[in-house]
Amino acid sequence: MHYRRNFLTKVIVRLDFDPVPALRDLVQTDPPPPFSARIAQQFPVVRGQGTQTLAVSIGPTGTGVQQEVAGVIWGHRRVENGTQVVVLAPEYLAIEYGRNDFDHFPPLRAHAALALDALAAEYPRENFKRLGLRYVNEIVLPQGNPLDWGGLLDPNLITSAKAGTGEGDAIIRSMHQLILRNGEYRTALNYGLFNPDYPNALARRQFVLDFDCSRMGPFPAAEALAALDGANARCETLFERSIADGLRDIMEIINE
């Protein structure tokens, strides 16, 4: 489903694989790896961040701590300080979107395809260990009772968020987790009244729907985009189950 408006604050695609020696052995942040040039037309702003490991030794002469560079994580942005980022690390590839970056799945899929093609060209992988796709929705409405979600969300979610409350109780926070398995996919739904003003009583009309879907491997690298399609279909199904027509009206369905 394509909506004119959404409440997404974070979208993440991540593919995990066995460490790539050519990336693991990089300790300098300049120049960037050849991968960066392959996606530079769409993600031209590149920065490397070194990662550190601490080795603690204990012996007869005492203890010591040694800090070593364990590789570089490369962030590729579409614009300076932007929140659309392709991240390359020695053991994973990720595409991250921030608030207002996501419009529809096809552009995200195209960015994933671009990054995967670059990875395959420079560091061929036979298999991936895991694929993850996460959509974090923070549904914020400027007016109304913070506990009134009738006609906007599935009644079961509302009941679950209010479960256990009684007369005189003020909800401070009510977050829950549901984990589902469907075929090759496992999805964790974290949902509820997060309350950014915690530990004060709930005052804002805000509801979190956080879908974290994964497919565990190993599975062939050639199936990565198909696996992403499957994870997206799963998240979309669960999102549509979680909302009601009142919220669809607010978001405005685009008929294509």
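Per-structure values
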item	result
Residues of the stretch 178-220 classified as of a type in the set (S, T, N, Q) and more than 19 Å from Glu240 (Cβ to Cβ), total	4
Unmet criterion (only one of (1) under 19 Å from Ile12 (Cβ atoms); (2) hydrophobic (A, V, I, L, M, F, W, C); (3) touching a residue at least 60 places away in the same chain (Cβ under 8 Å); (4) surrounded by fewer than 18 Cβ atoms within 10 Å (Cβ to Cβ)) for Ala188	(3)
The stretch 222-237 - residue that is hydrophobic (A, V, I, L, M, F, W, C) and surrounded by 19 or more Cβ atoms within 10 Å (Cβ to Cβ) and, of those, nearest to Arg109 (Cα to Cα)	Leu228
Subset of the stretch 141-173 [touching a helix residue (DSSP H, G or I) at 6+ places or on another chain (Cβ under 6 Å) and acidic (Asp, Glu)]	Asp154
Total residues in the stretch 21-38, condition hydrophobic (A, V, I, L, M, F, W, C) and modelled with pLDDT of 95 or more	2
Members of the stretch 2-41 that are of a type in the set (Gly, Ala, Ser) and outside any helix (DSSP H, G or I)	Ala40
Those residues of the stretch 240-256 which are touching a Gly at 6+ places or on another chain (Cβ under 9 Å) and either within 23 Å of Arg109 (Cα to Cα) or not acidic (Asp, Glu) (or both), in sequence order	Ala244, Gly246, Leu247
Ala233, sole failed condition from (1) free of Cβ contacts under 8 Å to residues at least 12 places away in the same chain; (2) under 19 Å from Lys10 (Cβ atoms)	(2)
Residue count, the stretch 157-166 (criterion: surrounded by 11 or more Cβ atoms within 10 Å (Cβ to Cβ) and not in a loop (DSSP other than H, G, I, E, B))	5
Criterion: modelled with pLDDT of 95 or more, surrounded by fewer than 19 Cβ atoms within 10 Å (Cβ to Cβ) and farther than 12 Å from Arg14 by Cα - qualifying residue of Glu122, Glu91	Glu122
Among the residues listed as Arg109, Arg99, the single one being touching an Asp or Glu at 6+ places or on another chain (Cβ under 9 Å), of a type in the set (D, E, K, R) and closer than 27 Å to Gly246 by Cβ	Arg99
Any hit, the stretch 225-239, residues being on the phi < 0 side of the Ramachandran plot, touching a Gly at 6+ places or on another chain (Cβ under 7 Å) and of a type in the set (Gly, Ala, Ser)	no
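Results for (1) touching a helix residue (DSSP H, G or I) at 6+ places or on another chain (Cβ under 9 Å); (2) more than 23 Å from Pro218 (Cα to Cα), shown as yes or no for each residue.
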position	(1), (2)
Arg77	no, yes
Asn81	no, yes
Pro90	yes, no
Leu93	yes, no
Tyr97	yes, yes
Asn100	no, yes
Phe105	yes, yes
Arg109	yes, no
Asp117	yes, no
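The values are calculated or read from the model by the stated rules, or taken from the named source; none is laboratory data. For clarity, every value in this text was computed on a predicted model and none was experimentally measured. So basically every Cβ, Gly included, is an ideal-geometry build from the backbone, and we count neighbours across all protein chains shown.
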